[in-house]
Amino acid sequence: MMSETSEAPRKITIFDTTLRDGEQCPGASMNLSEKLDVARALVMLGVDVIEAGFPIASPGDFESVRQIAREVEGATICGLARCVNVDIDRAGEAVAPAKQRRIHVFLATSPIHREFKLRMTKEEVIQNAVAGVKRAKGYCEDIEFSPEDASRTEPDFLCEVVGAVIAAGATTVNIPDTVGYATPDTFAAQIRMLKQQVQNIEQAVISVHCHNDLGMAVANSLAAVSAGAGQIECAINGLGERAGNCALEEAVMAIRTRQDFYHAFTGIVTPRIVPTSRLVSGITGMQVQRNKAIVGQNAFAHESGIHQAGMLRNATTYEIMRPEDVGLTKSDLVLGKHSGRAAIGDRAKDLGYQLTSEQLDDVVSKFKSLADRKKTMYDADLVAIIEKQVRNTDAKTWTLERYALECGSDRHPHTILWVRCGETLHKVETEEGDGPIDSVFLALEKLTGLTGQCKEFRVHSVTVGKDAQGEVNVEIDYHGSTYRGRGVSTDTIQASAEAFLMAMNRIAAAASLA
């Protein structure tokens with residue numbers, strides 16, 4: 001079905017939940033400095049609303065939302081809250097410093113949630129929803145309400161709830177497909193029903209928040225736009241609980257590329273998409289699959305001879321978007337050992353990083369050192385250096401100075417590590433382990449006194465060629481909590497040691513806050 005159109009294209013509000021729902025993705029948690037970096041990148045990307053977190057969830061979540069509200073300008077800063085007074089008060093306090101602020105309150109409405117989670121009647125749900133909106137209204141004018149599990153809620157009851165919260169002061173009503181149950185046709189029909197049956201619906205923006213359990217989050221969100229929704233809730237790289245959320249980059253580029261169909265536009269600065277995707281991927285350790293739409297490594301790659309021939313004649317034969325439109329360059333062989341500080345700083349900014357003068361000095365030094373060892377430098381090499389040098393500096397306890405290792409198929413590895421803690425250089429030695437990586441891990445456990453279980457160990461090449469840097473990502477289970485680490489080096493053993501140390505530094509930082 002063609003989208004409903006008006007004389008002028010509609011502006012679709014982009015509500016980004018990378019820092020809230022995206023961070024709830026297992027293994028994707030971020031510290032405060034990382035969240036601030038992502039929030040600033042989202043502003044540069046042109047996001048309208050940043051859902052900065054769930055303030056009642058923990059003191060750390062509250063502080064991160066409050067700090068983002070203090071420091072980040074250029075977008076509305078939003079805090080999530082249940083329809084519970086203490087939640088709403090905490091969210092109101094967290095977003096208070098923001099020039100533009102929003103409180104997003106939610107309450108489940110579907111029969112299964114009412115019966116088994118809330119143990120509430122329909123009347124009690126409406127009473128609590130209205131009370132929640134009214135209390136939030138005491139903190140700011142911009143209030144969003146979500147009837148959780150809306151796609152499985154009875155149509156008449158959903159209309160009743162939506163009408164009641166708008167009357168109570170909600171300026172946005174978000175219709176969540178919480179468990180990814182909807183299909184594009186049924187979800188669009190639900191949006192049209194609300195527009196037709198809720199008398200005061202024009203007093204609020206209709207938003208949608210779709211999960212990807214059946215792989216239809218983007219399709220459902222776009223179908224809702226066609227039916228009249230004015231806001232899409234999404235996340236960079238589709239991050240989110242379970243199978244994730246609607247991917248911001250896919251929804252935005254679909255609207256941009258098929259403006260003839262959707263008759264809509266967004267305020268997203270699309271050349272910032274790939275840099276923001278890389279930033280979030282590097283921070284969370286959640287790698288983007290090669291064939292991922294828009295931001296995957298293969299998104300604009302062509303191997304078939306027929307495709308290549310067509311591309312050489314006219315790129316539109318096989319590309320409906322230009323790589324430059326999403327922030328990719330035709331060649332990223334732009335820097336070398338003779339590149340100056342200004343050029344490296346400008347390229348870092350193009351890639352989505354805001355570095356202090358001190359951070360840039362450190363990155364330039366490491367870049368030139370690596371360039372002396374590598375024949376060819378790529379953007380990905382610079383990204384790897386920035387991630388290694390800048391990330392988690394507020395949680396550093398131990399840093400690897402050097403190592404020595406002897407091993408073979410017929411003997412246990414002999415590992416010696418020199419690790420610095422403050423001004424002290426420690427030496428640790430072991431002849432344990434099933435191989436060199438295991439031996440390094442055991443040596444670091446012995447040194448730090450932290451005993452964990454390595455749940456995941458991943459290594460991949462940052463760029464191409466035999467001199468490419470190797471990136472190692474690890475997940476360590478420590479007393480039931482998972483801690484991530486990342487290391488990058490042309491030496492995979494060194495990268496592994498740095499990844500383990502980063503995870504252990506995070507364990508130590510968490511222990512100091514406990």
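At-a-glance table
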| read-out | value |
| --- | --- |
| Every residue from the range 198-215 that is open to solvent by 50 Å² or more (accessible area, probe 1.4 Å) and without any contact (Cβ under 8 Å) to a residue 40 or more places away in the chain | GLN199, GLU202, GLN203, ASP213, LEU214, GLY215 |
| Residues within the range 395-417 that are part of a strand (DSSP E or B) and either in contact with a helix residue (DSSP H, G or I) (Cβ under 6 Å, 6 or more places away or on another chain) or in contact (Cβ under 8 Å) with a residue 60 or more places away in the chain (or both), tallied | 9 |
| Elements of type strands (runs of 3 or more DSSP E) in the range 33-141, at least 1 residues being open to solvent by 10 Å² or more (accessible area, probe 1.4 Å), within 28 Å of VAL326 (Cα to Cα) and touching a residue at least 60 places away in the same chain (Cβ under 8 Å) | 76-82 |
| Unmet criterion (only one of (1) open to solvent by 20 Å² or more (accessible area, probe 1.4 Å); (2) assigned to a strand (DSSP E or B)) for VAL428 | (1) |
| Test: residue in the range 403-410 that is modelled with pLDDT of 85 or more, under 26 Å from ALA371 (Cα atoms) and either surrounded by 15 or more Cβ atoms within 10 Å (Cβ to Cβ) or of a type in the set (Ser, Thr, Tyr) (or both) | yes |
| Scope the range 343-368; condition over 15 Å from ALA384 (Cα atoms) and open to solvent by less than 60 Å² (accessible area, probe 1.4 Å); matching residues | ALA343 |
| Subset of the range 266-292 that is open to solvent by 50 Å² or more (accessible area, probe 1.4 Å), of a type outside the set (S, T, N, Q) and at pLDDT below 90 - its residue that is nearest to LEU42 (Cα to Cα) | ARG278 |
| Residue in the range 466-477 that is in a loop (DSSP other than H, G, I, E, B), touching a Lys or Arg at 6+ places or on another chain (Cβ under 7 Å) and over 29 Å from GLU23 (Cβ atoms) present | yes |
| Residue list for the range 413-431, filter: of a type in the set (Asp, Glu) and within 12 Å of THR399 (Cα to Cα) | GLU423 |
| Of residues in the range 416-450 being polar (S, T, N, Q) and under 21 Å from ARG486 (Cβ atoms), the one farthest from the chain's Cα centre (by Cα) | SER439 |
| Test set (1) out of contact with any strand residue (DSSP E or B) (no Cβ under 6 Å at 6 or more places or on another chain); (2) part of a helix (DSSP H, G or I); (3) β-branched (Val, Ile, Thr); (4) at pLDDT below 90 - ILE507 fails condition number | (1) |
| Unmet criterion (only one of (1) at pLDDT 85 or above; (2) within 26 Å of ILE386 (Cβ to Cβ); (3) aromatic (Phe, Trp, Tyr)) for TYR478 | (2) |
| Members of the range 465-478 found to be open to solvent by 20 Å² or more (accessible area, probe 1.4 Å) and touching a residue at least 12 places away in the same chain (Cβ under 8 Å), listed by number | GLY465, ASP467, GLU475, ASP477, TYR478 |
| Odd one out for THR13 among (1) modelled with pLDDT of 95 or more; (2) open to solvent by less than 10 Å² (accessible area, probe 1.4 Å) | (2) |
| All positions within the range 161-175 that are touching an Asp or Glu at 6+ places or on another chain (Cβ under 9 Å) and either within 22 Å of LYS117 (Cα to Cα) or assigned to a strand (DSSP E or B) (or both) | THR172, VAL173, ASN174 |
| Selection count, the range 256-279, where residues are touching a Ser or Thr at 6+ places or on another chain (Cβ under 6 Å) and closer than 19 Å to VAL49 by Cβ | 0 |
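The values are calculated or read from the model by the stated rules, or taken from the named source; none is laboratory data. Small disclaimer: the values here were computed from a predicted structure and weren't measured. Cβ atoms come from the backbone with ideal geometry, glycine included; neighbour counts cover every protein chain shown. Just the protein is used for accessible areas: all its heavy atoms, side chains included, with ligands, DNA and RNA removed. Shrake-Rupley method; radii C 1.70, N 1.55, O 1.52, S 1.80 Å.
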